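Q: Shown below is the structure under consideration.
The values are calculated or read from the model by the stated rules, or taken from the named source; none is laboratory data. All values derive from a computational prediction rather than experimental measurement. Here Cβ is always computed from backbone atoms with ideal geometry, including for glycine, and neighbour counts include all displayed protein chains. These accessible areas exclude ligands, DNA and RNA; they are computed on the full protein's heavy atoms, side chains included. Shrake-Rupley method; radii C 1.70, N 1.55, O 1.52, S 1.80 Å.
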Amino acid sequence: MGDMMGKNQISILIVDDEEDIRDVLEIALKDAGYQVFLAENGEKAFGIFKSKQPDIVITDIKMPVMDGIELLRQIKRENPETEVLMITGHGDMDLTIRSLKNEATDFITKPVNVDILEIAIEKAVEKIIARQKLVEYTQKLELLILEKSKLADHLSSLGVMIGSISHNIKGLLTNLDGGLYVVKSGLKKSDNKTMEEGIGLLDQAVDRIKKMIMDVLLYSKERALKKDAIHSKAFVEKIKGIIELKLKGTKIAFKCKAPEFPDTFYADEAFLMAALINFLDNAIDACMADTQNKDHEIGFEISRETDSLVICIHDNGCGMDTKTKEKIFNLFFSSKGTKGTGFGLYISNSIIKQHGGTIHVSSIKGKGSDFKICLPMSKADS
């Protein structure tokens, strides 16, 4: 798509059980040049969504048959990139928080001010255009990679990487804005529960920002490994502490075993720690993405086999099909949609290789995944 998207190319689905509101919004948005579809409840809206694939959905939260939150969930399952604006009443703070947690783009309070709505739609359109530019850019990059077996210059690849995460940053800013709004609302009302919910939203966004920045720093650093003696027990305890913190508030169990492993081994601690946390983050995402009703758990086991240190990471999450498994270590490949940067596992794989190690991956769709990492224990660099 070389040309900039015009308003007449943007389609919007309006969902509200009040006919007057549907009529007013339809007239205003058609006058602004958008293509408009209408539905009076979530169930009918989802049928229209599947057949028409609108770019933006504007939905009331409180509706009969299927409410706006359930419609938002179903739309995000069908197409995570759809921009969904929620219409909410004053004081519906719980519903606003639930909307943000389900990745709503924005929310408009009743009575709906058409000017404010148009500004929110324009912001959503900007995100759609940015995403299209990213797709174009990625397609051009793939052609470049096919023509040249590898990226010729580390600086240019870093530039591409920064381009590939720019849309993620926009999403994170929306989450931060939402969290701040909720915290401020709680402060105004001296409502601790609302403030805690807002802080929870901010925590999620900050955690994703930290992860993204760590990946950027690791990817941009070209340096030789600094192998030092690592105290095994302390190393495992550090990993355990980080993962248990990440799993706080989830129902995922973390089982850490270290039956027979040496007191010390040699590695670049900072880099190896970052690589293993990336693998464990991947396991957490796999468990969170698994919709089957089962007790999820992540296993981390470190042991010794002859002259190798063996680290096994297991999860019983959503698993991978063969096609995904073959691509997970490819640069810019992500199976997480807009939530993934596409270079976390690429970096981890590079770090393990730099240590002279190997990774074996086995996975079954719907059952889970196993990563077996073997590292030489000697001090000498490979």
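Q: Taking the condition in a helix (DSSP H, G or I), open to solvent by less than 80 Å² (accessible area, probe 1.4 Å) and out of contact with any Asp or Glu (no Cβ under 6 Å at 6 or more places or on another chain), does Ile69 pass?
A: So Ile69 passes the test.
Q: Quick one: which of Leu25, Leu38 is in contact (Cβ under 8 Å) with a residue 40 or more places away in the chain and either on the phi < 0 side of the Ramachandran plot or not acidic (Asp, Glu) (or both)?
A: Just a single option satisfies the conditions, and that option is Leu25.
Q: Right, something else. Scan the stretch 360-381 and report the pairs whose first residue is among the polar types (S, T, N, Q) and open to solvent by 30 Å² or more (accessible area, probe 1.4 Å) and whose second residue is modelled with pLDDT of 90 or more and in a strand (DSSP E or B), with Cβ atoms within less than 6 Å and a gap of 6+ or a chain change.
A: From residues that are among the polar types (S, T, N, Q) and open to solvent by 30 Å² or more (accessible area, probe 1.4 Å), the pairs are Ser362/Asp370.
Q: Restricting to the stretch 121-140, give me the number of residues that are among the charged types (D, E, K, R) and surrounded by 14 or more Cβ atoms within 10 Å (Cβ to Cβ).
A: Adding up the residues that qualify gives 4.
Q: Now, a different point. Read through the list (1) within 27 Å of Lys133 (Cβ to Cβ); (2) over 23 Å from the mean Cα position of the chain (by Cα); (3) not hydroxyl-bearing (Ser, Thr, Tyr), then give the number of the only condition that Arg77 fails.
A: (2)
Rundown of residues vs (1) farther than 30 Å from Lys76 by Cα; (2) crowded, with 19+ Cβ neighbours inside 10 Å, yes/no style:
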residue	(1), (2)
Phe235	yes, yes
Gly249	no, no
Asp263	yes, no
Asp281	no, no
Gly299	no, no
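Q: Of all residues in the stretch 328-358, which are out of contact with any helix residue (DSSP H, G or I) (no Cβ under 9 Å at 6 or more places or on another chain) and at pLDDT 60 or above?
A: Residues satisfying the conditions are Lys353, Gly356.
Q: Which members of the stretch 356-380 meet the condition of being part of a strand (DSSP E or B) and more than 17 Å from Glu326 (Cα to Cα)?
A: Within the stretch 356-380, Cys374, Leu375, Pro376 meet the criteria.
Q: Residue check: is Asp60 in contact (Cβ under 8 Å) with a residue 60 or more places away in the chain and charged (D, E, K, R)?
A: No.
Q: Could you pull out the residue among Asp106, Asp55 that is charged (D, E, K, R), in contact (Cβ under 8 Å) with a residue 40 or more places away in the chain and in contact with a Gly (Cβ under 9 Å, 6 or more places away or on another chain)?
A: Result: Asp106 is the single residue among Asp106, Asp55 that is charged (D, E, K, R), in contact (Cβ under 8 Å) with a residue 40 or more places away in the chain and in contact with a Gly (Cβ under 9 Å, 6 or more places away or on another chain).
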